[in-house]
Amino acid sequence: MTEVIAYLIEHFQDFDNCPPPEDLGRLLEDAGFDATEIGNTLMMMEVLFNTSEFYAEPFNSDSLRVFCREEAENLPQEVMGLMQYLVTEHAITYEQREIVIHALMHIPSDEITLDTAKVLVLLVLWMHKSELPVLIGDDLMSALTGQNVMH
């Protein structure tokens, strides 16, 4: 899924320029991606898009995020820490954090990694046309490229 998301972010300036799912699936197939990867990515994009509409109202910034038992059991500590860090640094909004957590809960717990969370954060930011601080963006992009962009 990571490679497909990297391809989408690289080839489409923003989410609105992406073709509809049926055309996007064919385009990704033509680009050489595996049908399972394509299906997982399109499913995740649908989850993220539908969840984005649910969180249209802004959260109260004074609220405290408590992870429910299922989240605490499935999300690694470093993923929960990343979510808190990104909100604290204003790299993502409270709403975007909830969208990412919701998407992560659709992934088998043994496949949830820090890099998976970073890629989903990038996908949400791309879908929302959000900007983020350069150094934080560099760290998130390293999940796609395997190396830091800044030197």
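Miscellaneous remarks
- Filtering LEU82, LEU114, LEU104, LEU64 for residues that are modelled with pLDDT of 90 or more, farther than 15 Å from THR2 by Cα and of a type outside the set (Asp, Glu) leaves a single hit, LEU82.
- Residues in region 121-133 that are closer than 19 Å to THR2 by Cβ and either over 12 Å from the mean Cα position of the chain (by Cα) or at pLDDT below 90 (or both): LEU122, LEU123, VAL124, LEU125, TRP126, MET127, LEU132.
- Single unsatisfied condition, LEU42 versus (1) modelled with pLDDT under 90; (2) over 15 Å from the mean Cα position of the chain (by Cα): (2)
- Check on THR41, among the hydroxyl-bearing types (Ser, Thr, Tyr), open to solvent by less than 40 Å² (accessible area, probe 1.4 Å) and free of Cβ contacts under 8 Å to residues at least 60 places away in the same chain: yes
- For region 3-21, the set of residues classified as within 13 Å of MET45 (Cα to Cα) and either surrounded by fewer than 10 Cβ atoms within 10 Å (Cβ to Cβ) or free of Cβ contacts under 8 Å to residues at least 12 places away in the same chain (or both) consists of ASP16, CYS18, PRO19, PRO20, listed by residue number.
The values are calculated or read from the model by the stated rules, or taken from the named source; none is laboratory data. For clarity, every value in this text was computed on a predicted model and none was experimentally measured. Backbone-built Cβ (ideal geometry, glycine too); neighbour counts: all protein chains shown. These area figures cover heavy atoms from the full protein model, side chains too; ligands, DNA and RNA do not enter into them. Shrake-Rupley method; radii C 1.70, N 1.55, O 1.52, S 1.80 Å.
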